[in-house]
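Heads up, the thing below is written out as C-alpha cells.
The values are calculated or read from the model by the stated rules, or taken from the named source; none is laboratory data. Note that the structure is a prediction, hence the values are computed from the model and not measured. Reconstructed Cβ throughout: ideal geometry from the backbone, glycine too, with neighbour counts over all protein chains shown. All accessible areas refer to the heavy atoms of the entire protein, side chains included, with ligands and DNA or RNA removed. Shrake-Rupley method; radii C 1.70, N 1.55, O 1.52, S 1.80 Å.
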Amino acid sequence: MSTSLTMLIALFVFIIGATAQKVPVSVYYESLCPDSQAFITEQLYPAMRSPIGRFVDLKLVPYGKSNYTTQGSDTIFTCHHGPNECFGNKIHSCAIEHIQVNSYQNQHNRESLTLEYVNCLMQLTKNFADQLYPGKRCAQQVGVENWDVIEACANQTEGSKLLQKNGELTQSLNPSLTSVPTITFRHQQDETQALALINFRSAVCKKMLSPLPQECTNLPNSATDKTATSALIAISFLTFVFALKH
C-alpha cells in the first residue's frame, strides 16, 4: 500500500472519529432512590465502562425531589428518602467535586474514578437502613485516596453549598423534574429517557450525530437512517480510493 493511500485512510478514520461527537448526558438522581440505584448500577455504569462510554460527556446531579430552605448562613434540606439520603446526596456531591486520580492510577481518569465510586455507593446502599453510610468503605474499595476531604466537605458548609447548587440545577429543568432518575440528552428532556432506563447504550447512539461509530451499528434501536449515512460515506470513500489506484 502506498504512503499516500495510507495517509488518506488514516485521515478518513480521523474524520469519522472526530465527527462522532460526545453526547452531553445529565443524570438527575437521589442517593437512596431504588430506581436511581437500578439505573446507575445496571445501565449507566456498564455502558460507561463499555466502548460506548467514550462518546458520553456525563454530568451527575444528586438531588432529585429534595427541597431546601435557607436560615441565615445555613441551608436546611428535606430529602425524598429521609435524612440519610440528604447526607448521601452530600457525599455524592462532594465526591464529584473533589475526587482526584494519582499518577499511578493508570486505569482511571477523574471522571471514571468518580463513576466507580458513585456506582459502589449505589450498590452498597440498596436496602439501606440506618447503618453506617458506606462512603469510606467505597473509597477504600475503588481507590479514592482523599476520603478525608470528601467526608469533611459533606459535614461542613461546603457540602451544603454543593448540594444547593445541584438543587438549583434540578429546579431549572424545563419541564420540571417529575420522576427520578431524570436523564437528559443534549440538555433536552424527551422520549429518549424511557429508552435510556432500559437500554442506555442504544439511547446514546440514538442521540449521536451521523455517521455513527462502529460501536453503535450492531445495537438494537440504533437509528437506521444514521447507519445508512455511515455506509454511504464508507462506500464513497472506497470508490475514491479505487479511482486513485486506477
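Results, tabulated for the structure shown:
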| read-out | value |
| --- | --- |
| Total residues in segment 54-91, condition crowded, with 17+ Cβ neighbours inside 10 Å, in contact with a strand residue (DSSP E or B) (Cβ under 8 Å, 6 or more places away or on another chain) and among the aliphatic types (A, V, I, L, M) | 4 |
| Qualifying residue in segment 147-162 (condition: closer than 21 Å to GLN43 by Cβ, at pLDDT 95 or above and part of a loop (DSSP other than H, G, I, E, B)) | no |
| Failed item in (1) without any contact (Cβ under 8 Å) to a residue 40 or more places away in the chain; (2) out of contact with any Phe, Trp or Tyr (no Cβ under 9 Å at 6 or more places or on another chain); (3) surrounded by fewer than 18 Cβ atoms within 10 Å (Cβ to Cβ), with GLU158 passing the rest | (1) |
| Filter result (in contact (Cβ under 8 Å) with a residue 40 or more places away in the chain and polar (S, T, N, Q)) within segment 80-122 | ASN84, ASN89, SER93, GLN100, ASN102, SER112, THR114, ASN119 |
| Options GLN100, GLN107, GLN131: the member that is under 29 Å from THR69 (Cβ atoms), open to solvent by 40 Å² or more (accessible area, probe 1.4 Å) and outside any helix (DSSP H, G or I) | GLN131 |
| Qualifying residue in segment 27-35 (condition: of a type in the set (A, V, I, L, M, F, W, C) and over 23 Å from PHE128 (Cβ atoms)) | no |
| Qualifying residues in segment 163-178 (those that are open to solvent by less than 50 Å² (accessible area, probe 1.4 Å) and in a loop (DSSP other than H, G, I, E, B)) - the one farthest from PHE77 (Cα to Cα) | LEU173 |
| Unmet criterion (only one of (1) at pLDDT below 95; (2) more than 25 Å from VAL204 (Cα to Cα)) for ILE15 | (2) |
| Residue list for segment 24-76, restricted to those being hydroxyl-bearing (Ser, Thr, Tyr), more than 19 Å from THR170 (Cα to Cα) and assigned to a helix (DSSP H, G or I) | THR41, TYR45 |
| Selection status of LEU197, in contact with an Asp or Glu (Cβ under 9 Å, 6 or more places away or on another chain) and closer than 26 Å to ILE52 by Cβ | yes |
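Let's see how each residue does on (1) of a type in the set (A, V, I, L, M); (2) in contact with a Lys or Arg (Cβ under 8 Å, 6 or more places away or on another chain); (3) modelled with pLDDT under 95:
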{"residue": "HIS81", "(1), (2), (3)": "no, no, yes"}
{"residue": "PHE87", "(1), (2), (3)": "no, no, no"}
{"residue": "ILE96", "(1), (2), (3)": "yes, no, no"}
{"residue": "ASN106", "(1), (2), (3)": "no, no, yes"}
